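The values are calculated or read from the model by the stated rules, or taken from the named source; none is laboratory data. If you're wondering where the values come from, they're calculated on a predicted model, not measured in any experiment. Glycine gets a Cβ as well: all are built from the backbone with ideal geometry, and neighbour counts include every protein chain shown. What goes into the accessible areas is simple: the full protein's heavy atoms, side chains included, and nothing from ligands, DNA or RNA. Shrake-Rupley method; radii C 1.70, N 1.55, O 1.52, S 1.80 Å.
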Amino acid sequence: MFSPDELRRFVPEGRGDPRTDVSLAWELLYRIEPELYDRLSAAERLHPRVIEWLPRTADRIVEVGAGTGRLTAHLLGRGREIVAIEPVAAFRRILERKIAQAGRAGRARVADGFFSDLPVASGRADLVVACSVLTPAARHGGEAGLAEMERACRPGGCVAVIWPNNIDWLAEHGYEYVSFAGPMTVDFASHSEAVELGEIFYPHALGEIRSLGSARVPYELLGINPPRDVSFKVMPR
């Protein structure tokens, strides 16, 4: 399930309990039920203005922690060369399948790698981007991961963190912040899927999801911030 490197990162000293360690529980889910996570990720669509905001002139794009392609799908029509880096083998397989289905296998490649050791040359990318994965914690990027993203970006290029979980931490590192207004919903494939996935991921809101009777569930009902914001830095020339 976990590679030796992953064990060192996510199960320090060989001890961990997913019942009390939420981060470990998610890491296990990614590897045991990747298709289940993909269904959830597909429903949590990014604010359309976030996609519009991303630079359109970026020829070389590096996406870090690409997952099953929530953001990658939007990048395929932009960059001339895209490297989607993802450490979870099951996610890489799903992502490679989606890229092939989109007919972009020649433009985008999927690579194995962690935040702290990105398999790309220094100054290679016009845009280095991560979506809903980078945190201040070392096992999910931290200082080393942020430094690696900046290393991979060319002078004058942009490092962007979409749906950041710690705006103040990024601001301390010189990142600007932008957020886009408007109502947002998690758009499940059907109401029955909203109930099914709600029971697993949002049990505290299951009653309201059931009574809503819709495939579209407002983020505020789930008690989570919607993916409407970006922290970014233009690298000095």
If only one of Ile99, Ile94, Ile85 is out of contact with any strand residue (DSSP E or B) (no Cβ under 8 Å at 6 or more places or on another chain) and touching a residue at least 12 places away in the same chain (Cβ under 8 Å), which one is it?
-> Ile94
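Would you be able to tell me the number of residues in segment 108-148 that are among the charged types (D, E, K, R), in a loop (DSSP other than H, G, I, E, B) and surrounded by fewer than 17 Cβ atoms within 10 Å (Cβ to Cβ)?
First, the residues of segment 108-148 that are among the charged types (D, E, K, R): 109, 112, 117, 124, 126, 139, 143, 148.
Okay, now just the ones that are also in a loop (DSSP other than H, G, I, E, B), so 112, 124.
Add one more test, that the residue is surrounded by fewer than 17 Cβ atoms within 10 Å (Cβ to Cβ), and what stays is 112.
Residues flagged as among the charged types (D, E, K, R), in a loop (DSSP other than H, G, I, E, B) and surrounded by fewer than 17 Cβ atoms within 10 Å (Cβ to Cβ) within segment 108-148 amount to 1.
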Glu63 meets each of (1) in a loop (DSSP other than H, G, I, E, B); (2) open to solvent by less than 30 Å² (accessible area, probe 1.4 Å); (3) at negative phi with one exception, condition (1)
Note down all Cβ pairs under 8 Å where the first residue falls in segment 115-127 and is polar (S, T, N, Q), the second is not in a strand (DSSP E or B), and they're at least six residues apart or on different chains.
-> Ser116/Ala138; Ser116/Gly142; Ser116/Ala144; Ser116/Gly145; Ser116/Glu148; Ser122/Arg151; Ser122/Ala152
Considering every residue within segment 151-158, establish whether at least one is of a type in the set (A, V, I, L, M), modelled with pLDDT of 95 or more and either touching a helix residue (DSSP H, G or I) at 6+ places or on another chain (Cβ under 8 Å) or open to solvent by 20 Å² or more (accessible area, probe 1.4 Å) (or both).
-> no
On the given criteria, is Pro236 within 30 Å of Val64 (Cβ to Cβ), touching a residue at least 60 places away in the same chain (Cβ under 8 Å), open to solvent by less than 20 Å² (accessible area, probe 1.4 Å) and not in a helix (DSSP H, G or I)?
-> no
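On the basis of being modelled with pLDDT of 95 or more and over 15 Å from Arg92 (Cα atoms), does Ala42 make the cut?
On the way: modelled with pLDDT of 95 or more: yes; over 15 Å from Arg92 (Cα atoms): yes.
Taking the combined requirement at face value, the residue satisfies it.
Would you be able to tell me the number of residues in segment 1-39 that are acidic (Asp, Glu), in a helix (DSSP H, G or I) and open to solvent by 30 Å² or more (accessible area, probe 1.4 Å)? Before you say what the answer is, go through the steps one by one.
Within segment 1-39, the first condition is being acidic (Asp, Glu), and the residues that meet it are 5-6, 13, 17, 21, 27, 33, 35, 38.
Narrowing further to those that are in a helix (DSSP H, G or I): 5-6, 13, 27, 35, 38.
Those left that are additionally open to solvent by 30 Å² or more (accessible area, probe 1.4 Å): 5, 13, 35.
So the answer is 3.
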Residue check: is Glu81 under 23 Å from Ala125 (Cα atoms), more than 14 Å from the chain's Cα centre (by Cα) and open to solvent by 50 Å² or more (accessible area, probe 1.4 Å)?
-> yes
